[in-house]
Amino acid sequence: MSHAETTRIGRGQEPASRRLHVDWTACDGRGLCAELLPELLTEDDWGFPVARGDMTVPPALEPAARQAVDRCPALALRLVSERPAPASS
Amino acid sequence: MTDALWYFARGSGVVSLVLLTVVVALGIGARSGRTAFGLPRFAVNLLHRNAALLAVVFLAGHVVSLLFDPYAQLRVFDLVLPFAGNYRPVWQGLGTLAFDLLLAIVITSLLRKRLGARVWRIVHWLAYLCWPVALLHGLGTGSDNGTVWLWTISALCTLLVVAAVGWRLAPSFSRFPERARRHINPRLLPAPTPALTQPGTPSQPGTPPQPGTPPQPGTPPPAHFGARASAQPGSYEEVR
Ligand code: HEM
Ligand code: SF4
């Protein structure tokens, strides 16, 4: 779990919203993520994931998104913070 | 009491072999285009993982009970150092080897994110060594060596793994048969004939090529060439 995934924008603010990121050089089109996150992803003709929207992960879907990230056989799926994490120490 | 250890050791050994067989078959199955029994892919993936963890539990039971079994006379380092045992060192050593390999596979799998996909995958391929070694160990060592039921179980396990390999290799089981049969766009190949212009076919820039019909040589690429055209089934061949 990278630093950016767990960083929040600042104290007292809303948690940074998460976005799903596909590393296309690694993705193998195995279709696991589209099965686990049908709300965010569908499959194209070749089994590769296609975003339904802008890949923003609503809080309710975060556990499912984490599971999809965890199960991706190619480790191609990541959850990133919407805004870059503030530079810290 | 010591007999109980002995029974437990044999039982847990056989259970881990069967579980390992299921794990290997599911691992192979997860790599084929279509999953068996219509299971979703993530289910195969989770089943593979959880059965592997369960196999480790039974294997731990197998090894620990033998450590305390007065007949086996194992020393602690026999659990990790293969081929050093007193009793049937080769057959028992195969078991130790399989145990080491299994630990390596499972530990790297649990640390997959830290290690990266490449290292994980390379270690994971040791599974193809681990499983046959475990099978041989079960057949060759121990008190059930040569019994009909152990040979039957081993034969069924072998059959399952061979069937999984066949399932994976059969091209008809691909989820996307077209994906395996994509063709190189003829335009990208060396032109077979110098006559490139065909008077009878007016070129229509902007008309997407029809699925399944490779564009004729000489037709200029449509304006959006490369955007949508590359997703048409049957237009390209994947170069491996
Ligand atoms: C915590 C334990 C494990 C996890 C999380 C795990 C995970 C995986 C994953 C994600 C794949 C790739 C599937 C795909 O590409 O769609 C795989 C493949 C495979 N696994 Fe495991 N695995 C584990 C343990 C084991 C064990 C103990 C064995 C056997 C001794 C095993 C044997 C295999 C085999 C044979 C393949 C196919 C590999 C190939 O040909 O590329 N796995 N596993
Ligand atoms: S699970 Fe991973 S490899 Fe499979 S389609 Fe999704 S991102 Fe690609």
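The values are calculated or read from the model by the stated rules, or taken from the named source; none is laboratory data. Quick caveat, the model's predicted, so the values are computed rather than measured. We place every Cβ from the backbone using ideal geometry, glycine too, and count neighbours over all the protein chains shown.
Some points to look at:
- For region B:75-104, filtering for residues that are within 19 Å of residue B:136 (Cα to Cα) and within 16 Å of ligand 1 (Cβ to nearest atom) leaves 10.
- Among (1) within 30 Å of residue A:48 (Cβ to Cβ); (2) surrounded by 18 or more Cβ atoms within 10 Å (Cβ to Cβ); (3) in contact (Cβ under 8 Å) with a residue 40 or more places away in the chain - the single one residue B:44 does not satisfy: (3)
- The lone criterion from (1) more than 10 Å from ligand 1 (Cβ to nearest atom); (2) touching a residue at least 60 places away in the same chain (Cβ under 8 Å); (3) within 14 Å of chain A (Cβ to nearest Cβ) left unmet by residue B:168 is number (1).
- As a summary of the residue check, residue B:139 satisfies the conditions (1) of a type outside the set (Gly, Ala, Ser); (2) surrounded by 16 or more Cβ atoms within 10 Å (Cβ to Cβ); (3) at pLDDT 90 or above except for the one numbered (3).
- Residue satisfying all of: in region A:64-85; over 17 Å from residue B:113 (Cβ atoms) and under 14 Å from the mean Cα position of the chain (by Cα); nearest to ligand 1 (Cβ to nearest atom) among these: A:64
- Residue count for region A:44-75 under the criterion of being within 12 Å of ligand 2 (Cβ to nearest atom), closer than 24 Å to residue B:47 by Cβ and more than 10 Å from every other protein chain (Cβ to nearest Cβ): the result is 2.
- Any hit, region A:10-19, residues being modelled with pLDDT of 85 or more and away from ligand 1 (no atom under 16 Å from the Cβ): yes
- For the residues B:30, B:72, the requirement of being in contact (Cβ under 8 Å) with a residue 12 or more places away in the chain, within 9 Å of ligand 1 (Cβ to nearest atom) and out of contact with any Asp or Glu (no Cβ under 8 Å at 6 or more places or on another chain) singles out B:30.
- Every residue from region A:30-57 that is without any contact (Cβ under 8 Å) to a residue 12 or more places away in the chain and part of a loop (DSSP other than H, G, I, E, B): A:38, A:44, A:45
- Flag for residue A:22 being out of contact with any Gly (no Cβ under 8 Å at 6 or more places or on another chain) and modelled with pLDDT of 90 or more: yes
- Number of residues in region B:90-144 that are more than 16 Å from ligand 2 (Cβ to nearest atom), out of contact with any helix residue (DSSP H, G or I) (no Cβ under 7 Å at 6 or more places or on another chain) and closer than 21 Å to residue B:161 by Cβ: the value is 6.
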